[in-house]
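Asker: Quick one: this structure, given as structure tokens, is what I'll be asking you about.
The values are calculated or read from the model by the stated rules, or taken from the named source; none is laboratory data. If you're wondering where the values come from, they're calculated on a predicted model, not measured in any experiment. For neighbour counting, all protein chains shown are included, and Cβ atoms are generated from backbone atoms with ideal geometry for every residue, glycine included. In case anyone asks, the SASA skips ligands and DNA or RNA and just uses the protein heavy atoms, side chains included. Shrake-Rupley method; radii C 1.70, N 1.55, O 1.52, S 1.80 Å.
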Amino acid sequence: MRMIGTAVVVLSLILVAGCQKESAEKKTEAPPPIVQTVHPAPASGVGLQLSATLRARIEAPLAFQVGGRITARRVDAGQAVRAGQPLFELDPADLDEAVRAGAADLAAADIGLKTAEADVARNRELHAQSFISAQALERTELVLREARSRRDAAAARLAQNRNARGYGVLTSPAAGVLIDVTAEPGQVVAAGQPVAILARAGARELEVSFPDDVAPPARGEAILPDGKTIPIILREAAPSVEPLGRTRRARYTLTRPPDDLVLGSVVGARFMEASGAGAVWTVPIGAVDERGKAARVWRLRNGKVEPVAVQVLALDDRSARIAGPLAASDTVVALGAHLLREGMTVRERTQ
């Protein structure tokens with residue numbers, strides 16, 4: 001009986017200690033965090049607004065067709081040029097020597113051809129008198145055909161050398177503006193190495209970089225520095241996303257390009273429709289969480305948060321314009337979104 005009593009006492013002490021530990025854990029458990037929440041505000045009728053750069057419809061790199069050392073640079077960046085105007089010149093010494101060598105090869109080939117023609121004429125007379133065989137005459141005729149081929153090859157090489165001499169002067173292929181000039185006198189360049197970029201005169205376009213998950217709209221409008229707007233129409237869109245900036249480049253044609261806007265000017269581009277990802281909303285910039293593969297906001301329902309995938313259309317220092325499956329009655333976390341996890345219990349503190 002004494003042993004049974006002792007066991008009962010020990011068991012009672014263990015139960016009391018366990019209850020005290022459980023009570024201590026309940027006391028130390030942290031309460032749900034308090035979060036600031038807002039309702040998403042519908043955007044003011046603008047689906048997307050980005051920056052755009054004025055570019056020429058055709059921007060072609062210019063390069064020499066032969067290599068050599070540049071001896072003259074006759075233009076500067078930003079200069080307007082006309083078609084056929086000389087831009088750069090190479091040292092002509094080697095090119096001239098190549099022309100002279102080609103002319104000498106052609107002269108030697110001409111002499112060989114005349115010799116072969118004389119041999120054939122003489123051997124034909126000898127063959128007619130039966131002094132040589134038909135095989136001997138055939139050999140001289142083969143030599144004549146070979147001499148003609150050598151002469152044709154020498155003439156072709158001389159024409160190539162003369163063309164190369166002409167390539168020693170780089171001229172503008174069309175009228176336009178040089179937006180970049182990289183070569184200097186004394187520099188040695190290889191054939192095909194760009195030395196300048198020519199923006200051809202004519203059509204002007206706007207280049208816009210869209211977020212990787214936004215399809216470029218078919219139409220929009222350009223916002224000029226003076227506040228005027230010009231309609232723009234999509235001409236082409238890149239089929240892939242640039243790996244560095246995760247953007248997709250698109251070119252828009254200006255229906256009425258302004259005359260006083262220079263190439264490279266940055267203007268606004270506004271589009272009334274974004275990609276079909278849902279309605280467009282404005283939320284505080286702290287509501288956007290970009291920890292995952294795509295941007296998201298956290299919607300509060302029944303005291304717990306859930307992620308909602310969105311597309312970020314535009315950002316400023318205070319707010320973000322997003323597109324996603326939200327409603328004006330939804331409640332989203334405005335601050336501290338990067339600290340939340342799915343299903344987390346929170347307490348709301350509204351503005």
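Asker: On full extension of the chain, what length is gained from T71 through A83, given 0.36 nm per residue of separation minus the C-alpha to C-alpha distance?
Answerer: Numbers: separation 12, 0.36 × 12 = 4.32 nm, distance 2.14 nm.
In short, 2.2 nm is gained.
Asker: With θ set to phi - 60°, apply the Karplus curve 6.51 cos²θ - 1.76 cosθ + 1.60 along the stretch 61-70 and write out the HN-Hα couplings as whole Hz, x wherever there is a Gly or Pro.
Answerer: x, 9, 8, 6, 7, 10, x, x, 9, 6
Asker: Mind giving me the nanometre distance, one decimal, between the label points for N163 and A327, set 7 Å out from Cα along Cα→Cβ?
Answerer: 7.2
Asker: Same structure again: Counting only Cα, what are the radius of gyration and maximum Cα-Cα distance Dmax of the chain, in Å?
Answerer: According to the Cα coordinates of the chain, Rg and Dmax are 40.2, 153 Å.
Asker: Which is farthest toward the positive dipole end of the chain among V99, A295, V35, measuring Cα position about the Cα centre, with Cβ charges +1 (Lys, Arg) and -1 (Asp, Glu)?
Answerer: Most positive-ward Cα: V35.
Asker: Sticking with this structure for a sec: Each residue of the stretch 307-314 in order: what ³J(HN,Hα) in whole Hz does its phi give by Karplus 6.51 cos²θ - 1.76 cosθ + 1.60, θ = phi - 60°, with x for Gly and Pro?
Answerer: x, 10, 5, 9, 10, 8, 9, 7
Asker: What accessible area per residue, rounded to a whole number of Å², is obtained for the chain using a probe radius of 1.4 Å?
Answerer: Values: 20820 Å² over 351 residues.
For the chain, the per-residue accessible area is 59 Å².
Asker: Based solely on its DSSP helices, what 222 nm [θ] is calculated for the chain when runs of n ≥ 4 H residues each add -39,500 (n - 2.57) and the sum is averaged over all residues, nearest 500 deg cm²/dmol?
Answerer: Numbers: 3 runs with 97 residues, N = 351.
For the chain, the value works out to -10000 deg cm²/dmol.
Asker: Between E59 and V241, take the C-beta separation as r, use R0 = 30 Å, and let me know the FRET efficiency to the nearest 0.05. It would help to have the intermediate numbers written out before the result.
Answerer: Details: r = 22 Å, r/R0 = 0.72.
Using R0 = 30 Å, I get an efficiency of 0.90.
Asker: Considering Cα pairs under 8 angstrom that are at least six residues apart, work out the relative contact order of the stretch 210-263 and quote it in whole percent. Don't skip to the end; give the middle numbers.
Answerer: Working: 75 pairs, mean separation 18.1, N = 54.
Relative CO of the stretch 210-263 lands at 33 percent.
Asker: About the Cα centre of the stretch 113-209, what is the dipole size in debye to 20, counting +1 per Lys and Arg Cβ and -1 per Asp and Glu Cβ, all else neutral? If you can, show how the numbers build up before the last one.
Answerer: Values: 13 positive and 11 negative charges, 79 e Å.
Dipole size: approximately 380 debye.
Asker: Here is a follow-up. Would you mind computing Rg(Cα) / (2.2 N^0.38 Å) for the stretch 78-196, counting N as its residues?
Answerer: Working: Rg = 24.1 Å, N = 119, 2.2 N^0.38 = 13.5 Å.
Working it through for the stretch 78-196, the quotient is 1.78.
Asker: Considering only protein heavy atoms and a 1.4 Å probe, what is the carbon-and-sulfur percentage of the accessible area of the chain? Let's see the in-between values first.
Answerer: Values: 11250 of 20820 Å².
On the chain, the fraction of accessible area on carbon and sulfur atoms equals 54 percent.
Asker: Oh, and also: Can you sort S209, S172 by 1.4 Å-probe accessible area, starting with the largest? Mind dumping the intermediate values first?
Answerer: Details: S209 60, S172 5 Å².
The most accessible residue leads, giving S209, S172.
Asker: Quick one: dipole size for the chain, taken about the Cα centre, charges +1 on Lys/Arg Cβ and -1 on Asp/Glu Cβ, in debye to the nearest 20. Don't jump to the answer; show the numbers that get you there.
Answerer: Working: 44 positive and 40 negative charges, 203 e Å.
So the dipole magnitude of the chain works out to roughly 980 debye.
Asker: Could you work out how much longer the chain between E117 and A191 gets when fully extended? Use 0.36 nm per residue separation minus the Cα distance between them, nm to one decimal. Don't jump to the answer; show the numbers that get you there.
Answerer: On the way: separation 74, 0.36 × 74 = 26.64 nm, distance 4.07 nm.
Additional length available on full extension: 22.6 nm.
Asker: Run the numbers on the chain and let me know its relative contact order in percent, using alpha-carbon pairs under 8 Å that are six or more apart. Write out the running numbers ahead of the final one.
Answerer: Details: 673 pairs, mean separation 92.8, N = 351.
After rounding, I find 26 percent.
Asker: On a C-alpha basis, how far is the centre of the stretch 287-351 from the centre of the stretch 120-194 in Å? Whole number, if you could?
Answerer: 73
Asker: List, in order, the whole-Hz ³J(HN,Hα) value for each residue of the stretch 332-339 obtained from phi through the Karplus relation with A = 6.51, B = -1.76, C = 1.60 and θ = phi - 60°; use x for Gly and Pro.
Answerer: Karplus values, whole Hz, x for Gly and Pro: 10, 6, 8, 9, x, 4, 6, 9.
Asker: Roughly how big is the stretch 219-351's charge dipole about its Cα centre, with Cβ charges of +1 (Lys, Arg) and -1 (Asp, Glu), in debye to the nearest 20?
Answerer: Here the stretch 219-351 has a charge dipole of around 420 debye.
Asker: How would you order 59-65, 257-263 from highest to lowest mean count of nearby Cβ atoms within 10 Å?
Answerer: On the way: 59-65: 16.3, 257-263: 12.3.
My ranking of the peptides, most packed first, is 59-65, 257-263.
Asker: For K304, give me every one of the aspartates and glutamates with a C-alpha distance below 17 angstrom, ignoring sequence neighbours fewer than eight places off in its own chain.
Answerer: D289, D330, E342, E348
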